[in-house]
Every structure is written in structure tokens, then in C-alpha cells.
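Engineer: Quick one: the structure is below, questions incoming.
The values are calculated or read from the model by the stated rules, or taken from the named source; none is laboratory data. On a predicted model such as this, the values are computed, not experimentally measured, just so you know. All Cβ positions, even for glycine, are placed from backbone atoms using ideal geometry, and neighbour counts span all protein chains on display.
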Amino acid sequence: MYVYILRAKQYKMKNIVPYNENTFDFHKKVISKKRNPNTDPNYKTMVLSYNDAIQAAFTSYDEKFIDNQLEEIQRIGYTGVDKERLLKLYSYKAKIFQKLKVKMTTRGDNIIDNICQNCTISEVNSFDYILPKDEFCEFVVHPKNLFPSCTKCNSYKNAAWLEDGRRLFLNLYTDILPSEQYLFVEIEIEDDDLKLTYSIDNRNNITVDLFNIINTHYEKLHLCQRFKENSDVVVSELEIEINKYKLDIPINRIKEIVQDECIAQKELLGHNYWKAILKLALINNEKYMSRFN
């Protein structure tokens with residue numbers, strides 16, 4: 001008898017396929033949808049006048065994007081009313097950006113994954129700017145500079161993106177995550193009280209530059225703490241399933257089933273998927289499993 005312990009739809013921090021059409025055409029389409037506000041009757045004319053410079057910037061962006069070297073991008077340096085006009089091109093609730101969100105969150109099997117891949121916790125309800133819009137307003141509607149995200153990750157990230165010339169956050173369009181485990185959870189049990197501590201560690205010798213970006217991404221977005229805050233649901237689901245089937249199946253067999261499914265889940269969803277890592281740590285903790293004997 002085979003028991004499916006982990007039925008819920010799962011998500012990983014994963015790469016998203018980037019926008020695959022002409023990016024500057026998207027910029028022009030956004031402009032075409034805008035209207036001249038009463039306070040700026042020449043708005044569209046002025047925004048269109050920036051197009052030659054912005055098209056050149058888009059070409060540079062797309063080239064650096066392919067090489068995963070966006071930190072080398074030089075900004076145009078718009079200020080004042082020019083900058084304000086460009087920033088007004090973006091509105092998350094506008095239909096063109098809602099359609100873009102659906103496009104970017106729809107998998108190849110036509111299923112929408114509406115989970116923020118920056119954290120794998122919350123739903124997508126905003127776009128994150130890979131290059132911050134305040135510094136690079138020319139890319140405010142560049143579709144490869146917009147990443148589906150939750151507002152919590154956005155608020156933590158804010159305008160930070162570089163430190164000493166190095167990126168602080170993963171670009172999940174272009175950064176390929178390693179198969180080696182770097183996320184770990186420590187379990188402490190006192191008087192039946194369960195204490196979980198997530199941490200990032202490079203004990204499996206991931207390339208230093210990549211690990212540094214992973215580390216600052218998790219640190220700046222407070223992911224280990226957020227995983228901990230959301231772990232009660234994972235623990236409860238596991239305990240409900242174990243208690244449900246332990247009368248019919250030996251605990252050791254249930255443990256094997258959970259372990260096999262978590263391993264398969266990590267292969268499918270990522271070796272550092274926080275829920276699978278937690279469940280594996282729990283079923284391999286003798287003190288925790290003893291409560292089901």
C-alpha cells in the first residue's frame with residue numbers, strides 16, 4: 001500500500017523564462033496606451049522624444065542580460081520632470097502589466113505559478129525591479145527588468161541592488177541555482193516544544209561568487225526568518241498525515257515514504273526547497289519521530 005503524504009501543490013525558488021519578444025516594442029506599446037494628463041498636455045510627445053536614447057539603452061540592457069552582467073549597465077541619468085514622466089509609464093494595475101504578469105508566471109504546461117520566486121512563500125502581487133527604477137528610470141517598463149514578486153520582498157529589497165560593485169540579489173531570470181544544498185534547518189526539542197532554525201551554509205563548496213549572492217539574497221529578504229514563521233503549517237500537515245496512517249502502516253514505512261517523496265520533490269522543485277528540507281529534517285530527527293510511537 002502506497003500513501004501519498006505530500007499532496008499539496010509545491011513551489012521552489014526557480015528560474016523564470018524571461019520575456020521573449022522585442023523589449024523596446026513593449027516599451028512603445030506602453031507609451032501608446034498612455035494619455036496626456038491635464039497637468040502635462042505634452043506628456044506623450046516628450047516621452048516619445050526620449051526614444052532614441054532609450055532604445056540604445058534597451059539594446060545595451062538586452063546584451064548585458066544575456067551575459068548576466070547587468071551590474072555593468074551605465075544609466076542615462078534622467079532627472080527632474082524627465083524622470084517623473086518616465087516613471088509614470090508604469091502602473092502595476094494597468095492591463096498591459098497584468099497580462100505581462102500572467103505571461104511570466106505561466107509554465108510551459110499552461111499552469112500559472114502565482115508564487116513569488118524570490119521567496120517561495122507569498123503570492124505575486126507586484127513587479128520587482130532588477131535594476132532599481134529610481135536609478136534607472138529608462139528601464140521602468142523594460143519587461144526583462146520586471147520580475148514577478150510579492151510586495152514583502154519588494155519592501156525588503158527597496159532600491160538596494162549593489163554593494164562594492166557586487167549584486168546583492170539573485171536574478172532568477174539568469175542566475176542558475178546550484179544542485180548542492182545550501183539551506184539547512186536545525187531542530188531543538190524541549191518539553192515537547194519544537195524550535196526550528198533555518199540557516200545558509202556553504203559546506204558543499206558552491207562557487208564563492210554565486211554563494212555570496214545567494215547568502216545576501218536570503219539575508220536581505222529575511223528568508224530564513226520567514227521560513228521559520230511559516231513552518232507551523234508544514235509541521236502540522238506532516239503530523240496530520242503521520243497520525244492518519246500510523247495505525248495501518250508502521251512508522252518506519254511512513255518515514256520511508258515521506259523521505260522518498262521529499263527526495264523526488266527536491267529533484268523536481270529544487271534541492272533547497274525549504275518545505276522539503278524541513279520535512280526531511282523532521283523525519284530524520286529521532287526525538288521528534290518518537291512522539292508517534
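Engineer: What number of residues in the stretch 200-228 are among the aliphatic types (A, V, I, L, M) and in contact (Cβ under 8 Å) with a residue 60 or more places away in the chain?
Structural biologist: 2
Engineer: Tell me which residues, restricted to the stretch 162-172, are buried (at least 19 other Cβ atoms within 10 Å of the Cβ) and assigned to a loop (DSSP other than H, G, I, E, B).
Structural biologist: Phe169, Leu170, Asn171, Leu172
Engineer: Give the stretch 107-124 a look and list any residue that's modelled with pLDDT of 80 or more and part of a loop (DSSP other than H, G, I, E, B), or say none.
Structural biologist: Selection gives Asp113, Asn114, Cys116, Gln117, Asn118, Cys119, Thr120, Ile121, Ser122, Val124.
Engineer: Just one of Asp82, Asp62 is closer than 30 Å to Asp113 by Cβ, out of contact with any Pro (no Cβ under 7 Å at 6 or more places or on another chain) and modelled with pLDDT of 95 or more; which is it?
Structural biologist: Only one candidate passes the filter, namely Asp62.
Engineer: Among Glu135, Glu188, which is the only one that is outside the structural domain of Phe65 (by TED's automatic domain parsing) and modelled with pLDDT of 95 or more?
Structural biologist: Glu188
Engineer: Any idea which residue in the stretch 184-241 is surrounded by the most Cβ atoms within 10 Å (Cβ to Cβ), counting only those that are farther than 23 Å from Asn154 by Cβ and among the aromatic types (Phe, Trp, Tyr)?
Structural biologist: Going through the qualifying residues, I end up with Phe211.
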